[in-house]
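Report on one structure; see the data block that follows.
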Amino acid sequence: MKRVARLAVFPALAALFACRPAPSPSPVPQPAPASPDARTVLAFLDAYGRRDLDGMMAQLDEDAVFRGSGAPLAKPQIRAFFQDTFRKHPDLRVEVGSVTVVRGAVHARVTVQTDTLWARTWIFEMKDHRIRAYSLAAGKR
């Protein structure tokens, strides 16, 4: 009798394993963006994630501005802002999601983690494949 009970367990286990969901496929690597402007934005955001201030500034046009809820910030003020951010948040993390070109502007979905986590779409206006202006879709910094 015990042997029959043990043998009955095997089909039940087989049925349970058959009901498991299929394993998730490995993430598919995203191709590099074809647009030179999108590559510039990705270089800027990659440098941001590496805390490479000079690398970030190299992607900005000399007359670049950040447009937020206050007065626009010129390139020296942008540098000072990120320098202060890096000092205040040594564990800062940046993850870039989708990057698309919409009517000549590059839209990047960016998640930044400091002591809080936030995600926003950043909009970059370009000039000769360098960042001329950028803002957050929500219009706040």
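The values are calculated or read from the model by the stated rules, or taken from the named source; none is laboratory data. Given the structure is predicted, the values throughout are model-derived calculations rather than measurements. Keep in mind that these areas ignore ligands, DNA and RNA; they rest on the heavy atoms of the full protein, side chains included. Shrake-Rupley method; radii C 1.70, N 1.55, O 1.52, S 1.80 Å.
See the values below:
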quantity: Phi to ³J(HN,Hα) by Karplus 6.51 cos²θ - 1.76 cosθ + 1.60 over region 119-130, Hz, x for Gly, Pro; calculated: 10, 8, 8, 9, 10, 10, 9, 10, 8, 6, 6, 10
quantity: Descending semi-axes in Å of region 29-130, equivalent ellipsoid built from Cα gyration tensor; calculated: 20, 17, 13
quantity: Nonlocal amide H pairs with Asp61, under 5 Å, H built at 1.01 Å; calculated: Ile131, Arg132
quantity: Å² of accessible area per residue within region 86-141, as computed with a 1.4 Å probe and no ligands counted; calculated: 62 Å²
quantity: Estimated vicinal HN-Hα couplings, Hz - region 84-94 in sequence order (Karplus 6.51, -1.76, 1.60; Gly, Pro = x); calculated: 5, 4, 5, 5, 6, 10, x, 9, 3, 10, 10
quantity: Whole-Hz couplings from phi, Karplus 6.51/-1.76/1.60, listed for region 100-106; x for Gly and Pro; calculated: 9, 9, 10, 6, x, 9, 9
quantity: Carbon + sulfur, % of accessible area of region 61-141 - ligands and nucleic acids excluded, 1.4 Å; calculated: 49 percent
